[in-house]
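Everything on this sheet refers to the single structure shown next.
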Amino acid sequence: HRLQLPNFFPYLQRYLQPHQRDITMLLAYLVQACHELLTAEMLSPLLLHLANHFVTDKSRPEMVAIGLNTTREVCARVPLAMDATLLADLIEYRKDRDKAVVAAARSLLQLFRDRMPALLHKKYRGK
């Protein structure tokens, strides 16, 4: 299915809070609703919302890992939704103390190495 429901993402954004009950189900719905026919303008506010509420220093490490993994899955389907400054901020979590956060940040880096290396800083592009 390739449905385009422009009001779905702002509606879902209201419920994307780390303390929300069954947040993993909501994030799975979000990822399943993304496809290559969606525009970046529809998804970039959502990615920014994920970064501001899940991927912060104040969040628990589990929530940071969940936020990074959800961002990776959305960007795997719609890579144009990510901008370079947000990507640079998210990749910096690969130096975190928690193992799950480091793995999630490295997988996001690897995704953009394969899909869109132009968004990465030169030292992160690899060989």
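Bear in mind these aren't lab numbers, they're just calculated from the coordinates by the rules spelled out. Source: prediction; values computed, not measured. Cβ atoms come from the backbone with ideal geometry, glycine included; neighbour counts cover every protein chain shown.
For K95, a cut-off of 18 angstrom between C-alpha atoms picks up these aspartates and glutamates, skipping any fewer than 8 places away in its own chain: D57, E62.
Stokes-Einstein diffusion for the chain at 25 °C, viscosity 0.890 mPa s, with a Kirkwood radius from C-alpha pairs, works out to 167 µm²/s.
Ordering 114-126, 66-78, 22-34 by mean Cβ neighbour count within 10 Å, with the highest value first, yields 66-78, 22-34, 114-126.
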